[in-house]
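Before any comments, here is the structure.
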Amino acid sequence: MSTRAFAYRFFHRQQAANRAENGLSPAQMCVNIIIILLILNIENTIKIGKDMDTLFFLHLFNSLLMIAMPLALAIALTWRWKLGWRLWFLGGATFILSQVGHIPFNGLMTVLLAHTPLVGLQPEQARIFNALFLGLSAGLFEELARYAVLRWWLKDARSWRKAVLVGAGHGGMEALILGGLALFAFFQLVSMRGADLSSLVPPQQLALAQQQVSDYWSMPWSTALLGAVERLFTMLVQISLSLLVMQAFIRKQAAWVGLAVFYHALVDASAVLALPALGIYGTEALVGGYAVLSAVLILTLYRPEPPEKTESGQAPPAVILPPAPLEETPQDLDNSRFI
């Protein structure tokens with residue numbers, strides 16, 4: 001029996017079993033799809049070779065790791081600190097809210113700037129301008145959205161642990177979205193692997209599509225894992241940024257928000273500027289350096305948790321225990337006669 005026939009039979013057996021169990025959960029559906037892709041990959045591996053087979057698993061592992069890391073961090077933090085998932089989800093909502101404004105703004109500015117003298121910049125000048133502009137716009141939209149949510153939506157989040165959890169949600173949602181897109185691209189490129197692309201894409205895009213598929217399945221194994229590595233670095237940066245913005249409320253100094261905007265813009269812009277000179281590995285090493293700096297910031301800004309407030313908004317009163325009764329012995333009574 002061919003592997004394609006085996007995969008076909010496996011799929012229909014799973015459908016019959018799921019109908020008998022009254023439904024198919026999303027998790028079961030994902031597991032079934034991955035199993036079928038793994039089965040089909042066996043046949044493609046025989047045709048294409050061992051290196052392709054390794055990249056198949058690495059690309060899949062990279063995508064799943066980008067999704068699993070933020071979820072694992074969220075589970076660990078909420079379980080250890082007993083803070084629930086509310087702060088994590090609101091941190092994730094903050095990232096989505098920032099992109100609702102950020103992405104259209106960048107698109108609008110691209111159109112507007114195309115009618116200015118900036119279009120005459122030399123390629124190197126244009127690259128520097130784009131890196132600085134995009135880095136600053138990302139910093140402004142994300143950090144101002146973070147400030148707005150903490151000021152008007154998360155008024156009870158004024159501690160180190162809560163800021164860390166909000167930052168983990170912000171960076172975690174970004175990782176989940178990018179991981180989902182990476183997984184979707186993986187499924188698409190698996191379907192295109194060894195296929196006749198002329199029947200799938202327009203003729204004017206055929207050469208580009210063939211090049212993209214070839215690059216995806218021929219990259220070094222270490223490059224295939226850079227997506228997950230970068231998400232790990234970026235989550236640390238996002239947590240440190242949440243702590244910087246939180247200082248504006250704890251210390252009553254708005255300059256901390258400006259510092260967060262600057263740091264965010266610095267990380268994004270310098271990564272873009274460094275890519276031609278340092279290459280992809282050198283650029284990731286630079287982002288890793290920012291992750292180390294972010295970890296130092298996280299530890300430096302640590303403060304003990306304040307006491308929980310009651311419903312009246314006041315800290316619970318201290319419990320004063322009565323003194324323990326003294327046991328009087330005959331010797332003690334005898335010694336106290338002359339006092």
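The numbers here are math on the coordinates, done by the rules we state, and not lab data. Bear in mind the structure is a predicted one, so any value in this text is a computation, not a measurement. Note that we place each Cβ from the backbone using ideal geometry, even for glycine, and neighbour counts take in every protein chain shown.
Placing pseudo-labels 7 Å out from each Cα toward the beta carbon at residue 293 and residue 252 gives an inter-label distance of 3.1 nm. Stretched out straight at 0.36 nm per residue, the stretch from residue 89 to residue 212 would grow longer than its current Cα-Cα span by 40.8 nm. Note on the stretch 143-282: Rg/Rh from Cα positions, Kirkwood definition for Rh, rounded to two decimals, is 1.13. The calculated FRET efficiency for the pair residue 110 and residue 278, based on their C-beta separation and a Förster distance of 35 Å, comes to about 0.85.
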